[in-house]
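The values are calculated or read from the model by the stated rules, or taken from the named source; none is laboratory data. Quantities reported herein were computed from a predicted structural model and do not represent experimental measurements. Here Cβ is always computed from backbone atoms with ideal geometry, including for glycine, and neighbour counts include all displayed protein chains. Heavy atoms of the whole protein, side chains included, go into the accessibility calculation; ligands, DNA and RNA do not. Shrake-Rupley method; radii C 1.70, N 1.55, O 1.52, S 1.80 Å.
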Amino acid sequence: MASFVTRRLIAAFFVLLAATFLMYMLVALSGDPLEELRQGNAPNKQQLMDSLSMRLNLDVPPFLRYFLWLGGVGQCFVGQCDFGVNVQGLPVLTLLEQAMGSTLQLVTGAQIIAIVVGLIVGITTALRQYSGYDYSITFASFLFFSLPIFWVAVLLKQYIAIGFNNWLADPLIGVPVVIGISIVSGLLWMSFLGGAAKRRLVTLGVATASTAAMLVYFELTNWFTTPNVGIVGVAVTAIAAALGVTAISVGLANKHAVRGALVTAVVGIALYYPMTYFVFPGMNLPLFLALAVGAIIGGGVIGYFFGGRDRWQSARTSAIVAFIIGAVIALEGFLMYWNAYFNSTRINGRPIATIGSATPNLGGNFWIQGIDTFTHLLLPTIAIILISFASLTRYTRASMLEVMNQDYIRTARSKGLTQRTVVVRHALRNALIPISTVIALDIGALIGGAVITETVFGWSGMGQLFLEGLRHIDPNPVMAFFVVTGLLAVVFNLVADLLYASLDPRIRVS
Amino acid sequence: MSELNSALQVPPSDGGSADETTIEQRQTVGLSQGQIVRKRFFHHKGAVISIIVLAFVIVLAYSSVGLHMFGISIPGWWQWHWNATPPLINRGVPTLNLIPGPGFGIGPHPFGQDQIGKDIFALVMRGAQQSIMIMVLVGAVGTGLGVLIGSLAGFYRGIGDALLMRFTDVIITIPFLVIGAVVGRAVGGFGAPVLGLFLGLFAWTGLARLVRGEFLSLREREFVDAARVSGASDKRIIFKHILPNSVGVIIVSATLLMAGAILAETALSFLGFGVQSPDTSLGVIVSENQAAFATRPWLFWWPGVFIIVIALTVNFIGDGLRDAFDPRQKKMPSPKALAKALARRAHATRTPK
């Protein structure tokens, strides 16, 4: 094992070394960095060109300049990284840190959502193979594969941002829209849950009616101008989360777990008023994170004490429930300040942003800043999800189908186990092994993979660092981008291999 | 499965034992490998429709504005050149009207005109030509190099294999978009064919790994030993024995490589690192017109629709080919067909001849 990792790391080191050399030569030889100045007509042209040459060592041929760069980067091993300076003379290391922060903010949430949604949709399509739902999702994922993201981005800006902002000025849902949305939602739920003809019809009816009722409720209470969850909303989602999570993770037959989850839900509901009145006004980021961790631990403790024989299962279930309830109550915190945000002079009633990562000079407390981040993240997140969702769904579906056709699944079924146990415990765990490596590789490609999305939505992240460097034939920023992405790719490649070997006992690393 | 098989079988008329062939065997009995693949492919509806649509798009793109490259110039049947600036008609609103009634037909500018009057149909057709050409070039060069490198590494193994695969690792570490942007920055000005060739030089890595894997496993098989024992040369073994057996993997990944190539090319052109003005490609048209979306949405819709149509059809063809070449692929009868077969069997047992 240790020798495998060492050998891989040594090979990776040399591969990266060669790749950086190739990259440096390609960038340095792709044009003339002095061309802009040479064609300009500044009076002190020669002086400017000389100083730029000095700064970037342009008098050294690219082949040797690479080793100058490598010498600077090599100092990272002794803790003094030197990525050089860019055309403007700014140190690239500082730029790199800012860019990485910005890009991570952009892609982290999007990738998590894409993984969760991709897994759920992939599993359900595999369970409903050759159904209308399966065919529609298959077609949709092919479509998403083929979407040019820069084109989708413009559509999103036009219809989601500008259209939604216009609509928010006078939020009125027409009767045909209510009917349309309700029927679509009913059909979605029907194909999602499946079953025999009668059960399908019941699902269709219930889902359509409840969607319509919700929309009418929103309309009548002016929900879109004063959005809130309310104690009733929190109570309903808490109970639903408790029952739903228990049903999927351990089954409703496990009375101890159900009791634990329900008690967690009740504690969550009881905390609604104290939280919104006393804790939320003075909120800051450390406290927010502490509360999130506290919710998970608290839920776990409740589940553990109600757990009966299998305490850890119950603790896990209750912890998930507590996290969901905590998220809903936090959502209420954001919604409480929605009006302040919506009517602030910087926003002026047009909340969904089309460009950038934050509204300049907005001010406001934790919640208002949070809403601002969210409205800026919304569009790029949708764009990233559309793209990564497609491949994840396909992988999950294929892997799940492969497992569902195995003999041990048939054995499990013939033992008389419930569908939940067969799917979640026997099939899903094994299906997740190959998917985990795909996800590991995806995460490795994350920071460098959003170049186009960042450009279209005006985020000054890694993509901009790379593209600006390339435009000015400035190898230093480009190389900084590449060192980070290449390193991540190599490391996560290794992680994927080790993960596979540790999850699948049939695989040995040697 | 066995119940399914027996349900679909014709019951033995002489009362003897049932025919032991399974459904899969029955479907392929007496057919050559090529025939099986073709049959399976033409059963994939999405792939067949995609082939027809893609052929239509290609014929439309190359015949409408004609072929203009390397100094050769064959005019097409469309009246406008993509750089001509006829006078604006009705603000340049598209004249395409498929609703029967007055104004039905394609009109002088079916996809509309831009601010200075350029015909968008001609522009999109020229863009589609360039994008398709780059896609095919990347696919051809990438596949050729990938097969060459992968087969040499997989067949001869040893030190050459190690070196070639480390070289592959070097290229694969750099994201394709990144290397494409650097290459495009350097050669984008020389026109679409050169860009396609150079992008192809970096697009072979995934295919090389696949082909190497395929060669590594096939070269240990008995038929290769048999060929070697009977005195076949390395060249003959590679070209006559191993390559034909890995053609499925190669064709499928070549198709998917092409689907990725058109998206990469349009993205690069959009960023300004691909095809350069005054020449055009679908990505360039989107990039030039994205600001005009609110006032002239047709400038933006049509190039995007053509990118999606080309990429989607190529992806579907790739999926159809994968199904066709996959020996594990089983065509399951639909519930309806199964019910019919069961009914037929019940009927047959009730009324013996």
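Side notes on the structure shown:
- Solvent-accessible area per residue in the protein assembly as shown equals 50 Å², computed with a 1.4 angstrom probe and all protein chains kept.
- Relative to the current alpha-carbon distance between A:Leu220 and A:Val424, full extension at 0.36 nm per residue lengthens the span by 69.3 nm.
- Our summary gives chain A a relative contact order of 24 percent, counting only alpha carbon pairs under 8 angstrom and 6 or more residues apart.
- The label point for B:Ala292 and the one for A:Ala398, both projected 7 Å from the Cα toward the Cβ, are 4.2 nm apart.
- A Förster radius of 51 Å combined with the Cβ-Cβ distance from A:Arg350 to B:Phe223 puts the calculated FRET efficiency at roughly 0.15.
- Whole-number percent relative contact order across region A:172-221, with pairs defined as alpha carbons under 8 Å at least 6 apart: 45
- Quarter of Cα convex hull surface for region A:401-482, i.e. mean projection, nm²: 7.7
- Modelled this way, with points 7 Å down the Cα-to-C-beta line, the labels at A:Val78 and B:Ala84 are 7.0 nm from one another.
- Cα radius of gyration and Dmax for region A:227-343 (Å): 14.7, 54
- Long-range Cα-Cα pairs in region B:42-325 (distance over 26 Å), rounded percent: 52
- Full extension of the chain between A:Leu289 and A:Gln47 gives 81.8 nm of extra length, using 0.36 nm per residue less the Cα-Cα distance.
- Largest-first ellipsoid semi-axes for region A:236-278, taking √(5λ) over the Cα gyration tensor eigenvalues, angstrom: 24, 9, 6
- For region B:125-140, the Karplus equation 6.51 cos²θ - 1.76 cosθ + 1.60, evaluated at θ = phi - 60°, returns couplings of 5, 5, x, 5, 3, 5, 5, 5, 5, 4, 4, 5, 5, 4, x, 5 Hz by residue, with Gly and Pro reported as x.
- Per-residue average of Cβ from other chains inside 10 Å of A:18-27: 5
- Where labels lie 7 Å past Cα in the beta-carbon direction, separation of A:Arg471 and B:Val305 in nm: 3.2
- The slack between A:Leu90 and A:Arg199, meaning 0.36 nm per residue of separation minus the straight C-alpha distance, is 32.7 nm.
- Measuring against 31 Å, Cα to Cα, the residue pairs A:Lys198/A:Lys415; B:Lys45/B:Lys340; A:Lys45/B:Lys118; B:Lys45/B:Lys118 contain A:Lys45/B:Lys118; B:Lys45/B:Lys118 as the ones spanning a longer distance.
- Cα pair count fraction exceeding 31 Å, expressed as % - chain A: 59
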